[in-house]
Structures are given as structure tokens and as C-alpha cells.
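Reviewing the structure listed below.
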Amino acid sequence: MTIEDIQKLITDDEHRKLEMKKSTGELKDGMHSACAFLNTDGGWLIFGITPKSLKILGEQVTDSTRREISEAISGLEPALDVRTVYIDVPARPGYKLIVMQFDGWIYGKRPYTFQGCPYWRVESTTRKMPREVFEERIRESAPQQYAWENQTNSKVEVANLNKTVIYNAVRGGIRGGRMPESALDEPVESILSRWELLKDGKPVNAAVALFAGTSNPFPQLSLRMAHFRGTNMDEFIDSKWERGNIFELLDMGMAFCFKHLNLNGRIRGLVREEHLEIPVEALREALTNALCHRRYDNPSESIGLAIFDDRVEISNPGHFPPGVTPENIKAFHTSQPHNPKLAQVLYKATRIENWGSGIQRMVSACLNQELPEPDYQIWADGTIVIVFRKKPLQGHHPAVHHANRPLNSKLQNETVNETVNETVNETVNAVFSVIRERPGIKMPAIVASIGKSRASTARAIAELKTQGRIEFRGASKTGGYYCKGTELD
């Protein structure tokens, strides 16, 4: 790196990836920014330039200066190797710029701290990282240690779990050849220990999620179900909200589908065969995946099952594993469950497979019944699987009207029958303007800014995302909306 490179770098003054200090007299503040770069998108830290005038001064670098820099860098944790570059200032012989470059944070890495405090970058400023963001990144860096499913539950004893559901799961494993017949003779404690669902004799959260009895401490162990008339949420035909363990919720969800979807029959020889209009295996796989792979650490979020005239939507507060997108999810991929303990038991009970093949089986089942392939979408607060009810017309492919929001507890009771044409276009433009002016803005702030309902705002956001004009960046709780192409995230 040369002095000319530095001059090009500082042309735009300080920004998200650049911090300038007049001298190492501000070394501690500089390390705050270094920590922030490491926790955000990376950046350059330069000593020897006045931030406001952009005057390149440099400073005299002694052995003492180098020791102070080394000691300051050692205050960053986890430890890292930082290459410090010293660049001569031609106009001031004996003076040097001190330049450091830091890489950005990668999903799954432990967050950095300086002297025990985490920092991150917000536009061109360095700030303390919010506690909830820090804790979330800690959990992501060591999922097995901090995962919700692994935490001991102090409110539930083994005696509170539903033994019938436990032994039914064992029977399913025996029928599928995944458990020995002798398991039926084992006590409940032994079975739970076999599945690693006990810590010091106490059930972990995964055990409660799978086998909760009447004492269910988790409101997120619930399923919202609705049957709508038409293709939007204007009118309910039926609506239910049920609580229970994962096995019970799966059964209730499938029962709701059987109640509201059509049975098609045909005669084969002397036998009449009846099939649900959507393959049962596709519905069961989608619902089981939602229950297995969702995030359970937020008690206010639940899974939604919505039936429309043309499709069934199953939404859950969870996201695809790293590297998996709606575009490539139908290709073969290895299984990367968000909740490995839940996935292990559901696999043993033959409710899921563990080779990442469930998506392919859903696709095959729908195609075999001459239905379109299921569709997958990512929203700010989760993931949606869409299974279509109707065969496509010749030359057409069904598409979901993206202005419709999936069944969501926050939107379920809102009015959604607003004028669709000019009103929607007006709302879309208003939302885009707000996001362009305030990168990183969250949904409540957008609603307040444009003066529309949350449902109307959500539809506008969905339309903008479909058009490729905006995107959501960051964690579901702390992230926000940005215009595509902006460097601010």
C-alpha cells in the first residue's frame, strides 16, 4: 500500500468502512472502531490523518509506539493476527501513517470484544453492540452449548411429560427399523436418556417440545390454522389456534387439512382409491419441517397453516441453513437441522428423514399428482412453504400473489380489504421512499412513517422485494430493510 492508495481511500471522508484518527493518542478509541469493523463489514483504521480536514500528518513511530499498538490489539477478543502497515509521509520526513485493515464478521463466528465490551458499526459511527445482538451471535457461535433445545427446563419434571406420546414415538421407530423392540420395555427415563433429552435427570426444552403433557410452559408450542375463502385473507371460513407438543400439533394440522381439502376418488379394478387433492406426504413433510426446524426461543411466535382456494401456506419463524436459498433448496443438500435434538427424535420416530431428501420427496409427490412444485419464500420474520391445490392451466405456471401476507398472528385480525390498484402503488412508493431515506428501518417505523396499516405495509414490502428493489438484512429481531445495492447494512 502506498500514500497514493491512502489518498484514494480517504476521498469520501469517514464512512462505514473507514475510521481516521489524528494520532495514536486516540489508540483506545481506535480499537473501539477496530472491534466494530470486526463485528460488522470490516474496514480500515488509519492513524495520522485529521478526520475533518483530511490532512495527512503522520506521526513519529518509535519502539514504544509499536508496543502500545501491540498491547492495544491484544485487548481484542477472540485473539487475532493484525498486520500493521507503516507508510512514509513524503511531505513530512520521519513521519508515518499507521494503517490496519480488519475483515468483517462471518455468520456463525463469535462476536469480538475490546476489553470485554462489544462494538459494531452503524453507518459511519462506532457504537456499543446491543445486548440482544451480542447474545444472539454468542448462541450462533456455539449452537450446541447455547441452543434453546439444550437448556434444562426448571418448570417440567419427567412425570409431567406425556408417556403415551413417548411410547408411540418408540413404536414408530420400531416399525421403521430405527429402534430395537426392547426399547418398549425401557422406562421413560431410559428412553429420554437414549435420546439425550435429560440433564441431571431434568428434561431439556427439546423433551418438553416433543412430549409436553398438560403442563406446557411454552406458548410458542402452538399452531395457528385458518381456512380462507378465495385467495386472500379477507374472509375466514374456519379458524383455530391449538397448543400442544410437536406430535400433537402435527396431528392437529393434518386433521385440519383433511377437514378442509378435497378428497379425489377413482376406481382401480374393483377398489375405489381416495386421495387428498394435495399429496398427504407433501403436506406432512412441510408441516413436520416447520415444527422441527423453526426457532423456538421467541415465545410470541408460532407456526401458521393457511388454506386458500388455490394453495396451502405453512409459515414458521425460522430460516434456511447457511448456503440454502429458495432458489437451490430443491437441489440435493445435506441435512443441517436448526434443532438437532428435535430432528434426531423425529427421525427415530420415522417422522422425518435425515439426509436432506424431504424436499425432493415433496416435489416428486406433487409432480406425480400433476401439481406444480412447492414454492419457498423468505420473509423478514420467517420462512413460508407454499403447496398448490390446482393443476396449472396449459402454458401457465401458478404464481402466488405476493401482496398476500402469510397467516401471521400479528396480522390475523387486521383489515386487508383495502383498494388494490392505486392505493397499493401509492403505498409501495411511500415505503420505498422511507427505506431509501432511512436505511435499516424496521417494520413498525415504516408503518408509523407512511400512516398505513401493518397489513398494507407488509404487502408493499413484499411487492418491493419481488421487484428486487429492497431486501431485509440482519437478524429477525435486530435487522432492517435496505434498498438493493446500498453498502449500508
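Structure summary
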{"read-out": "Filter result for the condition that a residue is of a type outside the set (A, V, I, L, M), closer than 20 Å to Asn298 by Cα and without any contact (Cβ under 8 Å) to a residue 12 or more places away in the chain, over Arg131, Arg224, Arg137", "value": "Arg131"}
{"read-out": "Qualifying residue in region 251-263 (condition: assigned to a helix (DSSP H, G or I), under 20 Å from Arg389 (Cα atoms), out of contact with any helix residue (DSSP H, G or I) (no Cβ under 8 Å at 6 or more places or on another chain) and not hydrophobic (A, V, I, L, M, F, W, C))", "value": "yes"}
{"read-out": "Residue in region 208-217 that is part of a helix (DSSP H, G or I), under 12 Å from Ala159 (Cα atoms) and in contact with a Phe, Trp or Tyr (Cβ under 8 Å, 6 or more places away or on another chain) present", "value": "yes"}
{"read-out": "Residue match in region 223-230 (condition: modelled with pLDDT of 90 or more, surrounded by fewer than 20 Cβ atoms within 10 Å (Cβ to Cβ) and assigned to a loop (DSSP other than H, G, I, E, B))", "value": "yes"}
{"read-out": "Output for region 94-112, where each listed residue is part of a loop (DSSP other than H, G, I, E, B) and under 10 Å from Leu38 (Cα atoms)", "value": "Asp103, Gly104, Trp105, Ile106, Pro111, Tyr112"}
{"read-out": "Boolean, Ile73 is under 20 Å from the mean Cα position of the chain (by Cα) and under 26 Å from Arg16 (Cα atoms)", "value": "no"}
{"read-out": "Top-ranked residue of region 16-49 - restricted to ones that are assigned to a strand (DSSP E or B) and either among the aliphatic types (A, V, I, L, M) or not assigned by TED's automatic domain parsing to the domain that holds Thr125 (or both), ranked as farthest from Thr62 (Cα to Cα)", "value": "Leu18"}
{"read-out": "Meets criteria (in a loop (DSSP other than H, G, I, E, B), without any contact (Cβ under 8 Å) to a residue 40 or more places away in the chain and under 26 Å from Lys8 (Cβ atoms)) for Ala91", "value": "yes"}
{"read-out": "Residue in region 35-47 that is free of Cβ contacts under 8 Å to residues at least 40 places away in the same chain and surrounded by fewer than 18 Cβ atoms within 10 Å (Cβ to Cβ) present", "value": "no"}
{"read-out": "Checklist (1) out of contact with any strand residue (DSSP E or B) (no Cβ under 9 Å at 6 or more places or on another chain); (2) touching a residue at least 60 places away in the same chain (Cβ under 8 Å); (3) not in a loop (DSSP other than H, G, I, E, B) applied to Glu149, failing item", "value": "(1)"}
{"read-out": "Tally of residues being within 17 Å of Asn289 (Cα to Cα) and at pLDDT below 95 across region 207-220", "value": "1"}
{"read-out": "Number of positions in region 64-73 that are within 15 Å of Lys28 (Cβ to Cβ) and surrounded by 13 or more Cβ atoms within 10 Å (Cβ to Cβ)", "value": "5"}
{"read-out": "Lone unmet requirement of (1) within 30 Å of Ala455 (Cβ to Cβ); (2) surrounded by 13 or more Cβ atoms within 10 Å (Cβ to Cβ); (3) β-branched (Val, Ile, Thr) for Val188", "value": "(1)"}
{"read-out": "Long-range neighbours under 7 Å by Cβ, at least six apart or interchain, first residue touching a residue at least 12 places away in the same chain (Cβ under 8 Å) and at negative phi within region 237-261, second charged (D, E, K, R) and part of a strand (DSSP E or B)", "value": "Trp241/Arg224; Leu249/Glu242; Met252/Glu242; Phe256/Lys240; His260/Asp238"}
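Each row is one residue, and each column tells you yes or no for (1) surrounded by fewer than 16 Cβ atoms within 10 Å (Cβ to Cβ); (2) small (Gly, Ala, Ser).
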position: Asp5; (1), (2): yes, no
position: Ile10; (1), (2): no, no
position: Leu27; (1), (2): no, no
position: His32; (1), (2): no, no
position: Gly58; (1), (2): no, yes
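The values are calculated or read from the model by the stated rules, or taken from the named source; none is laboratory data. Computed from a predicted structure; not experimentally measured. Here the Cβ is made from the backbone with ideal geometry for all residues, glycine too, and neighbour counts use every protein chain on show.
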